[in-house]
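Novice: Okay, here's the structure, questions in a sec.
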């Protein structure tokens, strides 16, 4: 009889310990799903618009909003209407936020953000970058460096269309530009270049 009482007491104690661990779990800080080696493609009318890759994606959901975090980096490849790669974005971290109560949605990339326009051969570097899908623009108020074969610019704050075709630096300083260019110079798009057609 004494042995039975000890066994019951042990079982109750063990269950109580596991319940206290579950009570400490904060569901607001716990992802509802996690995706490893994420890869997705966005198309429109059969044309490739965007390719997105991430090592890890964590999705969170609550009463007011849902959002995805990319704690190990994000890579985005954007294409023209002719399926030509035009813009590439890399960042150490990223977030996609969507409000359930207001019509609000945005993407943010932060930590060593690099945006390259392959066709124009221009590169932009900053710490934080936002993408406004509704207005089709990217912007930041942080320090920005811009490199191209036409010069170098740096400053604080930048606005551009989402393909980084026409970037405007808001408060530039210590920048320089190339004034004289060789009119016979030929620029080859090394990413999309297929090569000369072979004669039959």
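The values are calculated or read from the model by the stated rules, or taken from the named source; none is laboratory data. Not measured: the values here are computed from a predicted model. In this analysis, Cβ positions are derived from the backbone assuming ideal geometry, glycine residues included, and neighbour counts consider all displayed protein chains.
Novice: Can you confirm whether the range 84-91 contains a residue that is more than 17 Å from residue 157 (Cα to Cα), touching a strand residue (DSSP E or B) at 6+ places or on another chain (Cβ under 8 Å) and not in a strand (DSSP E or B)?
Specialist: At the first step, the residues of the range 84-91 found to be more than 17 Å from residue 157 (Cα to Cα) are 84-91.
Add one more test, that the residue is touching a strand residue (DSSP E or B) at 6+ places or on another chain (Cβ under 8 Å), and what stays is 85-91.
Subsequent filtering for residues that are not in a strand (DSSP E or B) retains none.
Scanning the range 84-91, I find no residue that is more than 17 Å from residue 157 (Cα to Cα), touching a strand residue (DSSP E or B) at 6+ places or on another chain (Cβ under 8 Å) and not in a strand (DSSP E or B), so the answer is no.
Novice: Next question, about the same structure. Please pick out the residue among 92, 83 that is within 20 Å of residue 140 (Cβ to Cβ) and out of contact with any helix residue (DSSP H, G or I) (no Cβ under 8 Å at 6 or more places or on another chain). Explain how you work it out, then say what you get.
Specialist: On the way: 83 fails: within 20 Å of residue 140 (Cβ to Cβ).
Result: 92 is the single residue among 92, 83 that is within 20 Å of residue 140 (Cβ to Cβ) and out of contact with any helix residue (DSSP H, G or I) (no Cβ under 8 Å at 6 or more places or on another chain).
Novice: So, in the range 117-132, of the ones that are modelled with pLDDT under 95 and within 13 Å of the chain's Cα centre (by Cα), which residue ends up surrounded by the fewest Cβ atoms within 10 Å (Cβ to Cβ)?
Specialist: Only one residue tops the list, namely 132.
Novice: So residue 173 fits all but one of (1) modelled with pLDDT of 85 or more; (2) closer than 30 Å to residue 68 by Cβ; (3) surrounded by fewer than 13 Cβ atoms within 10 Å (Cβ to Cβ); what number is the exception?
Specialist: Residue 173 satisfies every listed condition except (2).
Novice: From the list 92, 81, pick out the single residue that is over 30 Å from residue 34 (Cβ atoms) and in contact (Cβ under 8 Å) with a residue 12 or more places away in the chain. Full working, then the answer.
Specialist: Working: 92 fails: over 30 Å from residue 34 (Cβ atoms).
Criteria check complete, one pass: 81.
Novice: Still on this structure: Could you tell me whether the range 144-160 includes any residue that is surrounded by fewer than 16 Cβ atoms within 10 Å (Cβ to Cβ), without any contact (Cβ under 8 Å) to a residue 24 or more places away in the chain and out of contact with any strand residue (DSSP E or B) (no Cβ under 9 Å at 6 or more places or on another chain)?
Specialist: No: the range 144-160 contains no residue that is surrounded by fewer than 16 Cβ atoms within 10 Å (Cβ to Cβ), without any contact (Cβ under 8 Å) to a residue 24 or more places away in the chain and out of contact with any strand residue (DSSP E or B) (no Cβ under 9 Å at 6 or more places or on another chain).
Novice: May I pose another question? Is it the case that residue 70 is modelled with pLDDT of 90 or more, surrounded by 11 or more Cβ atoms within 10 Å (Cβ to Cβ) and over 19 Å from residue 162 (Cα atoms)? Show your work before the answer.
Specialist: On the way: modelled with pLDDT of 90 or more: yes; surrounded by 11 or more Cβ atoms within 10 Å (Cβ to Cβ): yes; over 19 Å from residue 162 (Cα atoms): yes.
So residue 70 fits the description; yes.
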